[in-house]
Amino acid sequence: MFINKVVINDMDFEEAYNTAIQQKSIAQQNADKQVAITNAEAEAQKTSIATDAQAEANRKIAESLSDTLIEYQKIQKWDGKLPTVSGGNALISIDPTE
């Protein structure tokens with residue numbers, strides 16, 4: 001027969017040992033907190049860099065747009081079908097044969 005588990009209840013250690021265990025626990029909690037803070041700061045910096053890059057890309061796109069370019073892109077994407085709904089202001093015409 002083998003014993004693979006021993007349970008000891010109500011162990012009483014010297015005060016210095018208990019204090020050392022408590023200090024180690026506090027130090028680990030502080031280290032974990034510092035890692036969490038560092039990770040949060042890195043994530044915030046990453047988000048800021050991505051946001052700045054997207055803003056710069058948007059600025060470049062906005063600068064490159066012209067009415068001629070927009071019309072060209074409309075023509076390139078047009079599938080050759082006329083719209084089934086048309087109108088202006090508050091009047092809308094719908095083709096009932098569609």
Exercise. Sorted by mean Cβ packing within 10 Å, highest first, what order do the peptides 31-41, 71-81 take?
Worked result: 31-41, 71-81
For this session: Just name one of 44, 54, 78: the one whose Cα is farthest towards the positive end of the charge dipole of region 30-83 (beta-carbon charges, Lys/Arg +1, Asp/Glu -1).
Result: 78
For this session: Over all alpha-carbon pairs in region 1-48, figure out the percentage whose distance exceeds 12 Å.
Result: 76
Exercise. Label-point separation (nm) for residue 13 and residue 72, each offset 7 Å from Cα along Cα-to-Cβ?
Worked result: 7.5
Problem set entry | Computed label-point distance, nm, for sites residue 31 and residue 6 using a 7 Å Cα→Cβ extension | 2.8
Exercise. Which ³J(HN,Hα) values in Hz, rounded to whole numbers, follow from the phi angles of region 8-13 under the Karplus curve 6.51 cos²θ - 1.76 cosθ + 1.60, where θ = phi - 60° and Gly and Pro get x?
Worked result: 10, 9, 6, 6, 10, 9
Problem set entry | Stretchable slack from residue 40 to residue 55, in nm (0.36 nm times residue separation minus alpha-carbon distance) | 3.2 nm
Problem set entry | Simple label model, 7 Å out from Cα along Cβ direction - residue 62 to residue 79, nm | 3.3
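No lab work stands behind these numbers, since they all come straight from the coordinates. Just so we're clear, the structure is a prediction, and the values are computed from it rather than from any experiment. Cβ sites come from the backbone with ideal geometry, for glycine too, and all protein chains shown count toward neighbours.
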